[in-house]
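Below you'll find the structure, written out as C-alpha cells, and then a few comments.
Bear in mind these aren't lab numbers, they're just calculated from the coordinates by the rules spelled out. Note that the structure is predicted; figures quoted are calculated from it, not measured. Cβ atoms come from the backbone with ideal geometry, glycine included; neighbour counts cover every protein chain shown.
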C-alpha cells in the first residue's frame, strides 16, 4: 500500500530575512497542527527562545514574530513527499518534490545564509535543488528528538551559527 502524499507548510519569513533555516519535511505532529516544530520534544523553539529571548512555549504566532524580527526564516526542503511516520529516513526518495527555491530567493534577496536543520535537509537540498547563488551554507545538528545529541551541545552549536549568520 502506498503512503499518502504529504504537503509541507508555507515558510515563516519576514521582509528583513537574512538567514533561512531549512528542515527536510514537517513531522506528523507539525503537519496535523499546521505549525513548524510542534513536537514538544523537538528542541527548535527552545533553542530559538534561548537565543533570542522569548518563551519557547509562547503562542505560535508570537514565536514566529520573534524569529522573523531577528531576520530568521524557516522552511523545508520538501514541498511534498510520501512517508510513513515522521522520520526523514522513511521518506520515499522517488516521491520527493522540492519547494521552489529559485522563486523564494528571488523574493527574499536579503537572505545570505542557509542553515540546514540536520543532515537530511542538507542532503536533499543538494540533490534536488539547483539554484545559482552565492549564499553561505552550514549543516547543524537536527533539533529533532531523533537526534540524540545532548541539548546543551545542540544549543551551543546553534547559538554560534545564528550569531555568525547575523554578522
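Normalised Debye scattering of segment 112-159 at q = 0.18, 0.21, 0.22 Å⁻¹ gives log10 I(q)/I(0) of -0.60, -0.75, -0.80, counting only Cα atoms as equal scatterers and leaving out solvent. Each 10 Å bin from 0 upward holds the following percent of the Cα-Cα pairs of the chain: 10, 42, 38, 9, 0.
When only Cα pairs under 8 Å and 6 or more residues apart are kept, what is the percent relative contact order across segment 5-162?
In percent, rounded to a whole number, it is 30.
Sort 134-147, 17-30 for me by packing, meaning the mean count of neighbouring Cβ atoms within 10 Å per residue, highest on top. Don't skip to the end; give the middle numbers.
Working: 134-147: 16.4, 17-30: 22.9.
Ranked from most to least packed, the peptides come out as 17-30, 134-147.
Antiparallel DSSP bridges in the chain: what percent, to the nearest 5?
Roughly 35 percent of the beta bridges in the chain run antiparallel, per DSSP.
Hey, what number do you get for the chain at 222 nm if only DSSP H runs of n ≥ 4 count, each worth -39500 (n - 2.57), divided across all residues, to the nearest 500?
Values: 6 runs with 57 residues, N = 167.
Here the helix-only value at 222 nm equals -10000 deg cm²/dmol.
Taking 0.36 nm per residue of separation and subtracting the Cα-Cα distance, full extension of the segment from residue 31 to residue 160 would add 43.5 nm. If you average the C-alpha positions of segment 121-165 and of segment 4-64 separately, how far apart do those two centres end up, in angstrom? Rounded to whole Å, the Cα centres lie 14 Å apart.
Inter-label distance, residue 105 to residue 123: 2.2 nm, where each label sits 7 Å from its Cα along the C-beta direction.
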